[in-house]
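The values are calculated or read from the model by the stated rules, or taken from the named source; none is laboratory data. Quantities reported herein were computed from a predicted structural model and do not represent experimental measurements. Ideal geometry is used to build each Cβ from the backbone, glycine not excepted, and the neighbour counts take in all protein chains shown. All accessible areas refer to the heavy atoms of the entire protein, side chains included, with ligands and DNA or RNA removed. Shrake-Rupley method; radii C 1.70, N 1.55, O 1.52, S 1.80 Å.
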Amino acid sequence: MSKQVIVVRRDVLAEERADAAAERARLAGRGTLAVNLLSSPGAGKTSLLEATAQYFQSRRTMAVLVGDLETDRDAQRLARYVPTVQLTTGGACHLELPLVKRGLVQLGDPQVDFLFIENVGNLVCPASHDLAEHLRVVLLSTTEGDDKPGKYPKMFRTSQAMVITKLDLLPHVPFSSESAVQDAQRIQPNLDVFNVCALDGRGIEEWCQYLEQQRDAMLQKRDQHP
Amino acid sequence: MHEWSFARKLLQQATGICHANGARHCLEVRVQIGPLSGIEATLLESAFEQLASDHELAPTRLVIERTPLVVRCRDCAAESELSDFDFYCRLCGGRAVQVVAGDQLQLVSVTVDDAALMIKGTT
């Protein structure tokens, strides 16, 4: 028996990354900023999107792809405001690009200002997968504890922004925003931070204006390097 | 538990490489993981073992090498090996660092047992 070692030296996700880059460029070409929202379950992704949809109403167009293991409850909540498609993973712990592309087709590939991808609630696996987003945002709720950035470094390292949610509960829980931000910025020094309460609307305007700035920056970059 | 998905991708890519090289069996798949790869070695191993056991390329062994997390400083260009997830340049203290190793699952090599290999290496 002869043995032969074939040297490869390739990132296993290289092809997936290249596909994502192509899709990202296509979306940019249509003027769509894709935002990947990540957090643990129950951190308030859907509530943040409801508040965002209400803020953008008549001002901006948006669509949502929402990932869950089962049920279309989140899609039902969001479909009252904006075009939404539920991506049901049937047990898988994260979304991958083919599922997102299929969702876009189901949405009718709309030309919207913002495409939000609400990932499966999980601070681990979704961090490894590029879904063609221009902006990756991690949510951290005050009820989860301020120690999460240190525990899930990859998620915070790969995000551009962090939204601290459930601000209304801050007086009732032992959560230090300062400590959470400090820890997160040790891992990702450029992390932009927002504090919101989706229920009473605190911080939603700043968050939505940031999204608009990010979209403007994306369009500018696209036009400079078409 | 996304190690299943990674194990499947590994096996698919190894199969592609074997086919492209005219090999029928794969003896070993060698990978590297770093602290920021998001992969748990034991879980990847057991997922791969189960998927590979009745695969056309079997018997295939997965070998996992661990690599350190390395960053390069954008200010002074020095490379630092990080022992924790505090991202700063160990030489100048700057925080503008870029990860250059340790955040991926790298497919390093595939060892096959056939003599009739057409091409050495892949591109």
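I'm checking my understanding of the structure. Among residues of the stretch B:56-82 that are assigned to a strand (DSSP E or B) and not aliphatic (A, V, I, L, M), which one is farthest from the other protein chains (Cβ to nearest Cβ)? Explain how you work it out, then say what you get.
Residues of the stretch B:56-82 that are assigned to a strand (DSSP E or B), as a first pass: B:61-66, B:69-73, B:79-82.
Retained after the next criterion (residues that are not aliphatic (A, V, I, L, M)): B:61, B:65-66, B:72-73, B:79-81.
On the way: B:ARG61: 12, B:GLU65: 12, B:ARG66: 16, B:ARG72: 14, B:CYS73: 12, B:GLU79: 17, B:SER80: 14, B:GLU81: 16 Å.
Top of the filtered list is B:GLU79.
State all residues of the stretch A:1-40 that are away from every other protein chain (no Cβ under 13 Å), out of contact with any strand residue (DSSP E or B) (no Cβ under 8 Å at 6 or more places or on another chain) and among the hydrophobic types (A, V, I, L, M, F, W, C); if no residue qualifies, say none.
A:ALA18, A:ALA20, A:ALA21, A:ALA22, A:ALA25, A:ALA28
Go over the candidates B:ARG24, B:ARG30 one by one and state the one that is within 12 Å of chain A (Cβ to nearest Cβ), open to solvent by 50 Å² or more (accessible area, probe 1.4 Å) and part of a loop (DSSP other than H, G, I, E, B).
Exactly one residue qualifies, and that residue is B:ARG24.
With the requirement that a residue be surrounded by fewer than 18 Cβ atoms within 10 Å (Cβ to Cβ) and either more than 12 Å from the chain's Cα centre (by Cα) or in contact (Cβ under 8 Å) with a residue 60 or more places away in the chain (or both), what does the stretch A:151-175 give you?
Going through the stretch A:151-175, the residues surrounded by fewer than 18 Cβ atoms within 10 Å (Cβ to Cβ) turn out to be A:151, A:160, A:168-174.
Correct list: A:LYS151, A:ASP168, A:LEU169, A:LEU170, A:PRO171, A:HIS172, A:VAL173, A:PRO174.
For the stretch A:55-79, what are the residues that are closer than 18 Å to A:GLY201 by Cα and surrounded by fewer than 15 Cβ atoms within 10 Å (Cβ to Cβ)?
Listed by number, the residues that qualify are A:GLN57, A:SER58, A:ARG59.
This table checks each residue for (1) touching a helix residue (DSSP H, G or I) at 6+ places or on another chain (Cβ under 9 Å); (2) small (Gly, Ala, Ser); (3) more than 28 Å from A:ALA63 (Cα to Cα).
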{"residue": "A:LEU131", "(1), (2), (3)": "yes, no, no"}
{"residue": "A:ASP146", "(1), (2), (3)": "yes, no, yes"}
{"residue": "A:GLN160", "(1), (2), (3)": "yes, no, no"}
{"residue": "A:ARG186", "(1), (2), (3)": "yes, no, yes"}
{"residue": "A:ASN190", "(1), (2), (3)": "no, no, no"}
{"residue": "A:CYS197", "(1), (2), (3)": "yes, no, no"}
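Looking at the structure I just gave you, is A:ALA180 surrounded by 19 or more Cβ atoms within 10 Å (Cβ to Cβ), within 17 Å of the chain's Cα centre (by Cα) and more than 14 Å from every other protein chain (Cβ to nearest Cβ)?
Considered against the rule, which asks whether it is surrounded by 19 or more Cβ atoms within 10 Å (Cβ to Cβ), within 17 Å of the chain's Cα centre (by Cα) and more than 14 Å from every other protein chain (Cβ to nearest Cβ), A:ALA180 comes out as no.
How many residues does the stretch B:61-102 hold that are among the aliphatic types (A, V, I, L, M) and within 30 Å of A:LYS3 (Cβ to Cβ)?
4
Restricted to the stretch A:87-143, and to residues that are hydrophobic (A, V, I, L, M, F, W, C) and without any contact (Cβ under 8 Å) to a residue 24 or more places away in the chain, which residue is farthest from the other protein chains (Cβ to nearest Cβ)?
Start the filter on the stretch A:87-143 by keeping residues that are hydrophobic (A, V, I, L, M, F, W, C), which leaves A:87, A:92-93, A:95, A:97, A:99-100, A:104-105, A:107, A:112, A:114-117, A:120, A:123-125, A:127, A:131-132, A:135, A:137-140.
Remaining after also requiring without any contact (Cβ under 8 Å) to a residue 24 or more places away in the chain: A:87, A:105.
On the way: A:LEU87: 15, A:VAL105: 22 Å.
Per the stated criteria, the residue is A:VAL105.
So which of B:LEU27, B:LEU57, B:LEU62, B:LEU36 is closer than 23 Å to B:ALA101 by Cα and more than 11 Å from the chain's Cα centre (by Cα)?
Sole residue among the options that is closer than 23 Å to B:ALA101 by Cα and more than 11 Å from the chain's Cα centre (by Cα): B:LEU36.
When you look at B:SER53, is it open to solvent by 20 Å² or more (accessible area, probe 1.4 Å), closer than 28 Å to A:GLY90 by Cβ and either more than 13 Å from chain A (Cβ to nearest Cβ) or not basic (Lys, Arg) (or both), yes or no?
yes
Taking the condition of being surrounded by 14 or more Cβ atoms within 10 Å (Cβ to Cβ) and in a helix (DSSP H, G or I), how many residues in the stretch A:188-213 meet it?
So the answer is 6.
Could you check the stretch A:1-44 and list, in sequence order, the residues that are in a helix (DSSP H, G or I), open to solvent by less than 30 Å² (accessible area, probe 1.4 Å) and either more than 17 Å from A:ALA127 (Cα to Cα) or touching a Gly at 6+ places or on another chain (Cβ under 7 Å) (or both)?
Those that are in a helix (DSSP H, G or I), open to solvent by less than 30 Å² (accessible area, probe 1.4 Å) and either more than 17 Å from A:ALA127 (Cα to Cα) or touching a Gly at 6+ places or on another chain (Cβ under 7 Å) (or both): A:GLU23, A:LEU27, A:ALA28.
If you check A:GLN185 against the conditions, is it assigned to a helix (DSSP H, G or I), under 20 Å from A:VAL112 (Cα atoms), polar (S, T, N, Q) and at pLDDT 95 or above?
Here the answer is no, as A:GLN185 does not meet what is asked.
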